[in-house]
Amino acid sequence: MTASLQHPGYDPERLLCVAVKMPCRVSQAGTLLSLMGEPAQYSYPSIFLYGHRSTGKSHVINTLLMDLELPHATVSCVECVSVGLMFERVLLALFGPDTSTLLPRSPSLSDFVRIYRQQAPLSPANQTRYIVIEKAELLRDMDSNLLPVLVRLQELVDDNVTVILLSEIVWDRFRPNTGCFEPLILYFPDYSKGDLQQILSQDIHPSYSPELYSAFINILLGVFYSVCRDLRELRHLAALNFSKFCEPLKEGKVKESDTHKLWRNIEPHLKKAMQTVYLRDVSSVQWEQQLQQTEEKECAALKGLSAHAHVELPYYSKFLLIAAYLASYNPARTDRRFFLKHHGKIKKTNFLKKHEKTSNHLLGPKPFPLDRLLAIFYSVVDSRVAPSASVFSQISSLVTLQLLTQLGHDDQLDAPKYKCAVALDFIRAISRTVNFDIVKYLYDFL
């Protein structure tokens, strides 16, 4: 049942239609409407929405602005490679195509404010104008005056305009050292497992019943929820694997009510597909074709290990775990030798100290900072794929799976430290699944 969305400034029937389009985000939408106020009233100068990726920030604000027919301009800092392009898109959306031509070749902030003040009286609006800036964390790499101007743009242009910033990081990372106007802040939490079940179950297949697709989503979340909570990635995985789930139904071997047989058919396929999480350029079918070629070699290599030593992890998570093991058992001063491509010639007599006779594996894993883990990770994964996955979320997943141990508290001021919690046989088995010879990078085996 969809929660109700109420606001005295809008038609209740229209708000009901809007609420249907944003499942599990009606609470945030109601808070956002309260911050925006009634259409004819002056709104707060700036609002800051933040949360992890795929938490509904862009969907909620764009649905509200378009369905409630509010004047707005939406720009993405990824697409706007220059400040001038951002100014042009804002003026084009708010005042029409003729105004963007008034900007000079390399417009400054003062040019944008001047043209906005000139055009606002010529195109009066009886309600608040909104400027939505997506990927706002990239504003920190632009002109240092841009962010302070945007958060108080209403005052500078003397118009009823509100700037809404969307970001994946907290406002404390934005605040300049000199200070600036503080926006209203609204947090979008991650979707829970029940929320993801409800949202993904709406993407029903026309050839099958909603109950069957809901059962498939339940199976999918049971496998992937511990390592991936990205809604877009889970939706992509559901689209890839649903046809495989329905193969026994097409062949007439089982009925829709035989969920246990359907689960046994899809389970090995989902475990193999787990390696394609965050890898959009490789499909699950392609991964299976590659894995079939090396399956016999892996089975022979893993034959002497326990079943616990072979665990299914996403592709990047395996390299993160390898990097964590190397950081735990290698001295920090050896990173230059192992992971720097052009480190120069280092004599072994100088590299090995006489008093270091005790094996690091006998002493146990040592803690390491996050930046060292990431440096080793990018070094070992660089020659295979572009490291573009959600690395930090996968580190949290490894901690949840107790493969990594986080030291200290979450509120510590310095960078977090971790310790690898797996054995040598375990990490060698993981390394073989990605064709990585970890022994060559271990200090104890020189």
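Given LEU165, HIS269, ILE199, which one lies farthest toward the positive end of the charge dipole of region 157-286, if we put +1 on the Cβ of every Lys and Arg and -1 on the Cβ of every Asp and Glu? Of the candidates, HIS269 comes out farthest on the positive side. All other residues whose Cβ lies under 14 angstrom from that of ASP141 are scored, Lys and Arg at +1 and Asp and Glu at -1, for a net of +1. A straight line joining the Cα centroids of region 30-62 and region 146-168 runs 13 Å. Here each label is just a point 7 Å from Cα along the line to Cβ, and for ASP111 and ASP67 those points are 3.9 nm apart. Inter-label distance, TRP263 to ASP371: 4.7 nm, where each label sits 7 Å from its Cα along the C-beta direction. Okay, which of region 88-116 sit inside 20 Å, backbone N to the point 7 Å along the Cα-Cβ direction of ASP141? Only 88-89 pass the distance filter.
Within region 141-155, what residues put their amide N at less than 19 Å from the label point 7 Å along the Cα-to-Cβ vector of ASN177? Hits in region 141-155 for ASN177 at 19 Å: 141-149.
Is region 128-181 best put as rounded, prolate or oblate by its Cα gyration tensor, with a ≥ b ≥ c the root eigenvalues, rounded for a/c under 1.5, and otherwise prolate when a/b is larger than b/c, oblate when not?
oblate
Taking amide H as placed 1.01 Å from N in the peptide plane, ILE164 has its amide H under 5 Å from the amide H of ILE47, ILE131, VAL132, ILE133, each at least 5 places away in sequence or on another chain. Computed over neighbours whose Cβ is under 12 Å from that of ARG105, the net charge equals -2, Lys and Arg +1, Asp and Glu -1.
Once you have a ≥ b ≥ c as the square roots of the Cα gyration tensor eigenvalues for region 54-207, tell me rounded if a/c is under 1.5, and otherwise prolate or oblate according to whether a/b is larger than b/c. The shape class here is prolate.
Over 19 Å apart at the Cα level, from the set LYS318/LYS440; LYS244/LYS272; LYS271/LYS440; LYS271/LYS318; LYS272/LYS318; LYS318/LYS419, are LYS271/LYS440.
What nm distance separates the two modelled labels at VAL81 and SER214, each placed 7 Å from Cα along Cα→Cβ? Here the modelled spin labels are 4.8 nm apart.
Karplus-derived 3J(HN,Hα) values for region 259-273, using 6.51 cos²θ - 1.76 cosθ + 1.60 with θ = phi - 60°, are 5, 5, 5, 5, 5, 5, 6, 8, 4, x, 5, 5, 5, 6, 5 Hz; glycine and proline are entered as x. Computed from backbone phi with θ = phi - 60° and the Karplus coefficients 6.51, -1.76 and 1.60, the 3J(HN,Hα) list for region 51-65 is x, 5, 5, 6, 10, x, 5, 5, 5, 5, 5, 5, 5, 4, 5 Hz; x is used for glycine and proline. Give the shape of region 41-130 as rounded, prolate or oblate, defined through the alpha-carbon gyration tensor: a ≥ b ≥ c are the square roots of its eigenvalues, a/c under 1.5 means rounded, and otherwise the shape is prolate if a/b is larger than b/c and oblate if not. Oblate shape, in that a/c is at least 1.5 and b/c is the bigger or equal ratio.
Across HIS59, HIS72, the residue with the most accessible area heads the list, and the full order at a 1.4 Å probe is HIS59, HIS72.
The values are calculated or read from the model by the stated rules, or taken from the named source; none is laboratory data. Note that the structure is a prediction, hence the values are computed from the model and not measured. With ideal geometry, Cβ positions are generated from the backbone for all residues, glycine too; neighbour counts draw on all protein chains shown. Just so you know, the surface numbers come from the protein's heavy atoms only, side chains and all, with ligands and any DNA or RNA stripped out. Shrake-Rupley method; radii C 1.70, N 1.55, O 1.52, S 1.80 Å.
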